Amino acid sequence: MTRKTVTEQYPDALPELPPRTRGVIGLFEENCTVCMLCARECPDWCIYIDSHKETVPPAAPGGRERSRNVLDRFAIDFALCMYCGICIEVCPFDALFWSPEFEYAETDIRDLTHERDKLREWMWTVPAPPALDPGAEEPKEIAAARKTAEKLAAAQAESGEGDS
């Protein structure tokens, strides 16, 4: 109350946004397995997903064919979305992310339904995750991958010595 108010000159000067700003949702399509968890958990039912099953040939001779879901349509209706973030939280494969972009107003409400191409474009604006704590324990996945790589390197070095 003792300081003079300052008006942000918005179109001319972009605001300084906090790092965890919820703007628009971006889709990392390669990680989406069409599990439908985001659509089922959405309280507004604003996520639309269509898919089909595709048969994958066996990886090894004598194996059996597998089927997998292929994403046909992924759309979010931002006219309905309440930006709660439940879809992002429940995604087990990290396919959805918050982008700080907020300038996506439209003159027609029907244009606020963003299809997967538009959602993919928003991924370019998603900030990098914060750095890990240097004193933190190494993630189990990385430790397991490192042990496997070290065993493989040791086996290759051992077989390389026998060839000489």
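The values are calculated or read from the model by the stated rules, or taken from the named source; none is laboratory data. Nothing here was measured: the structure is a model prediction, and the numbers come from that model. Quick reminder, even Gly has a Cβ in these numbers, built from the backbone with ideal geometry, and neighbours come from all protein chains shown. Accessible surface areas use protein heavy atoms only, side chains included; no ligands, DNA or RNA. Shrake-Rupley method; radii C 1.70, N 1.55, O 1.52, S 1.80 Å.
Think of region 1-61 as a dipole: +1 on every Lys or Arg Cβ, -1 on every Asp or Glu Cβ, centred on the Cα centre; then among C35, P58, T2, T2 lies furthest on the positive end. Rounded to the nearest 20, the Cβ-based charge dipole of the chain about its Cα centre (Lys and Arg +1, Asp and Glu -1) stands at 400 debye. Under the simplified labelling scheme, the I88-K53 pair shows an inter-label distance of 3.4 nm, with each label point 7 Å from Cα along Cα→Cβ. Note on K53: aspartates and glutamates with a C-alpha under 19 Å away, same-chain residues under 8 apart excluded, are E29, E30, E65, D72.
Order these peptides, 9-19, 102-112, by their mean beta-carbon neighbour count within 10 angstrom, highest first.
Working: 9-19: 8.5, 102-112: 10.5.
So the order, starting with the most tightly packed, is 102-112, 9-19.
If R₀ is 22 angstrom, what is the calculated FRET efficiency for the pair D108 and R22, using the beta carbon separation as r and rounding to 0.05? Efficiency, from the Cβ-Cβ distance: 0.40. The long axis of helix 140-163 is offset from the longest Cα principal axis of the chain by roughly 30 degrees. The fraction of accessible area contributed by carbon and sulfur in region 15-115 is 53 percent, rounded to a whole number (1.4 Å probe; ligands and nucleic acids excluded).
Rounded, prolate or oblate for the chain? Axes are the square roots of the Cα gyration tensor eigenvalues, ordered a ≥ b ≥ c, and the cut-off for rounded is a/c under 1.5.
Numbers: a/c = 3.09, a/b = 1.52, b/c = 2.03.
Judged from the Cα gyration tensor, the chain comes out oblate (a/c at least 1.5, b/c at or above a/b).
Dipole of the chain computed with +1 at Lys/Arg Cβ and -1 at Asp/Glu Cβ about the Cα centre; of C87, P19, A157, farthest Cα towards the positive end is C87.
Every Cα-Cα pair of region 1-92 was included, and the share exceeding 16 Å stands at 69 percent. Scoring 125-135, 29-39 by mean Cβ neighbours within 10 Å over their residues and listing the highest first yields 29-39, 125-135.
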